[in-house]
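Below you'll find the structure, written out as structure tokens, and then a few comments.
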Amino acid sequence: MKRDGDPTDPRDGHERRDIEPAAVALFAAGLVAHALVTILLIGWLFWYFHARVARLDLPASPLAGEKALPPEPRLQVDPAEDLRKMRLEENAILNNYGWIDRSAGIARIPIERAMELMSERKLQSRSPAGGKR
């Protein structure tokens with residue numbers, strides 16, 4: 001037996017006084033209508049701005065066609081290869097003999113030999129008492 005008008009009847013499934021289906025349907029319809037109007041308005045704005053730019057017919061920038069390289073220093077194309085080359089050059093300088101200024105008699109010696117010479121000179125310059133020079 002159905003009792004109409006009793007809001008606490010558990011057979012109804014929900015309280016009818018909390019929500020009105022007509023109000024929810026009206027709100028959903030308004031939301032959809034608002035979304036459609038917004039989409040149409042934005043579409044019209046895009047069309048308007050595109051047509052406005054086309055009407056202005058501005059000349060292209062004189063710099064648009066240039067493909068000039070930027071000034072030095074530029075970005076590295078292959079940093080790993082550049083690092084490898086730099087280390088090879090440094091190792092060649094550090095591990096080989098060579099002239100820095102031949103006319104002045106300034107030469108370069110390998111770093112290992114330079115360390116040996118420095119250690120020999122330091123050992124020879126110490127006094128037997130262990131004092132400093």
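Computed from the coordinates by the stated procedures, all read-outs in this text should not be read as laboratory data. Small disclaimer: the values here were computed from a predicted structure and weren't measured. Positions of Cβ are generated from backbone atoms using ideal geometry, with glycine treated the same way; all protein chains shown enter the neighbour counts.
What number comes out for the charge environment of GLY98, summing +1 per Lys or Arg and -1 per Asp or Glu over other residues with Cβ under 14 Å away?
On the way: positive: ARG102, ARG108, ARG113; negative: GLU89, GLU90, ASP101.
For residues surrounding GLY98, the net value is 0.
Quick one: check the C-alpha center-to-center distance for region 76-105 versus region 41-59, whole angstrom.
For region 76-105 versus region 41-59, the Cα centre distance is 59 Å.
Per residue of region 82-94, in order, report the coupling 6.51 cos²θ - 1.76 cosθ + 1.60 (Karplus, θ = phi - 60°) as ³J(HN,Hα) in whole Hz, putting x for Gly and Pro.
4, 5, 4, 5, 5, 5, 4, 5, 5, 5, 5, 6, 6
Which peptide among 64-71, 109-116, 97-104 comes first, and what is the full order, when sorted by highest mean count of other Cβ atoms within 10 Å?
Working: 64-71: 6.2, 109-116: 12.0, 97-104: 8.9.
Sorting 64-71, 109-116, 97-104 by mean packing, highest first, produces 109-116, 97-104, 64-71.
For a distance above 21 Å, tell me the whole-number percent of Cα pairs in region 30-121 that qualify.
Working: 3013 of 4186 pairs.
Summing the P(r) of region 30-121 above 21 Å gives 72 percent of all pairs.
5 Å is the cut-off here: which amide hydrogens, built 1.01 Å from N in the peptide plane, fall below it relative to ARG108, excluding neighbours closer than 5 in sequence?
HN-HN under 5 Å from ARG108: GLY98, TRP99, ILE100.
With +1 on each Lys and Arg Cβ and -1 on each Asp and Glu Cβ, how big is the dipole of region 20-123 about its Cα centre, in debye rounded to the nearest 20? Please list the in-between numbers first.
Numbers: 12 positive and 13 negative charges, 45 e Å.
In debye, rounded to 20, region 20-123 gives about 220.
Taking 0.36 nm per residue of sequence separation and subtracting the Cα-Cα distance, how much length would be gained by fully extending the chain between ILE39 and ARG121, in nm to one decimal? It would help to have the intermediate numbers written out before the result.
Working: separation 82, 0.36 × 82 = 29.52 nm, distance 8.66 nm.
The ILE39-ARG121 span can extend by a further 20.9 nm.
Normalised by the residues of region 51-110, what does the relative contact order come to in percent, with Cα pairs under 8 Å and at least six apart? If you can, show how the numbers build up before the last one.
Values: 24 pairs, mean separation 10.6, N = 60.
Normalised by residue count, the contact order of region 51-110 is 18 percent.
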